[in-house]
Amino acid sequence: MAPEETNLDLLEAFSADEIGECSSCGQRACVKLRDAPSTFCLACGAVRVGGMRLDVGRNVPVEI
Ligand SMILES: [Zn+2]
């Protein structure tokens with residue numbers, strides 16, 4: 001996978017009212033979780049929980 005690829009294709013899995021504009025990158029790719037005060041951006045990867053951004057300066061391990 002090329003590093004510049006994003007998860008924007010995953011936006012299709014969410015309805016329009018679940019997607020908002022990202023305050024970090026400005027793209028309309030920020031998914032809001034209904035049951036938690038959390039958002040995550042599929043374009044730039046910004047993750048916020050309860051108003052705090054959690055992903056800054058961290059490498060999050062993923063299982064592939
Ligand atoms: Zn973003």
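All of the numbers you see were taken from the coordinates with simple rules; none came from a lab. None of the values given here were measured: they were computed from a predicted structure.
Segment residue 38..residue 17, full-extension length gain: 6.1 nm, with 0.36 nm per residue of separation and the alpha-carbon distance subtracted. Were the residues from residue 27 through residue 10 laid out at 0.36 nm apart, the gain over their Cα-Cα distance would be 4.7 nm.
The shape of segment 1-56 comes out oblate: with a ≥ b ≥ c from the C-alpha gyration tensor, a/c is at least 1.5 while a/b does not beat b/c.
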